[in-house]
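A short worksheet on the structure shown next.
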Amino acid sequence: MLWRSLRLRGGEAGSEQGMYRHMTSAHLFKLLDCLLESHTFAKDFNSNNEQRTALWRAGFKGKSKPNLLKQETSSLACSLRILFKMYSDRQLQDSWPDIQTRLLL
């Protein structure tokens, strides 16, 4: 998963793994937009009981109604991890007001 590549390695304080250190704030904000769009899509799907029931009755996904709960929760959790990582990154200080705004929404 993407969020795993954005985390710090255990035991190596300050050492980064993954793509975070290679991404500009513009790239990170675009990634955040995509993650939040994924969250919204999954949340809307999960809230649409009629559609989920129709899919379930048509035989989709076995014995229970289909859902995108993992996508809904993982995309939001990943977004928050990225935002807090960005907010603690002194190299992105110029972006802190935008990061604060996104955290408070």
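For the range 82-105, what are the residues that are surrounded by fewer than 16 Cβ atoms within 10 Å (Cβ to Cβ) and either in contact with a Cys (Cβ under 8 Å, 6 or more places away or on another chain) or of a type in the set (Lys, Arg) (or both)? The answer is Arg90, and nothing else. Scanning the range 28-62 for residues that are farther than 18 Å from Thr101 by Cβ, assigned to a helix (DSSP H, G or I) and not hydrophobic (A, V, I, L, M, F, W, C) gives Ser38, Lys43, Asp44, Asn46, Ser47, Asn49, Glu50, Gln51, Arg52, Thr53, Arg57. Among the residues making up the range 83-101, those that are in contact with a Phe, Trp or Tyr (Cβ under 8 Å, 6 or more places away or on another chain) and charged (D, E, K, R) are Lys85, Asp98.
Screening Phe60 with (1) of a type in the set (Phe, Trp, Tyr); (2) buried (at least 17 other Cβ atoms within 10 Å of the Cβ); (3) more than 17 Å from Met19 (Cα to Cα) gives one miss only, at (2).
For the range 63-81, which positions are farther than 15 Å from Glu37 by Cα and either under 22 Å from the mean Cα position of the chain (by Cα) or not in a loop (DSSP other than H, G, I, E, B) (or both)? Hits for the range 63-81 are Pro66, Asn67, Arg81. May I ask you to list the residues in the range 82-102 that are among the charged types (D, E, K, R), part of a helix (DSSP H, G or I) and over 14 Å from the mean Cα position of the chain (by Cα)? Passing the criteria: Arg90, Asp94, Asp98.
Values quoted throughout were computed directly from the atomic coordinates according to the rules given, and no laboratory measurement underlies them. What you see is a predicted model, and the numbers here were worked out from it, not measured in a lab. When we count neighbours, we look across all protein chains shown, and the Cβ atoms used for this are built from the backbone with ideal geometry, even at glycine.
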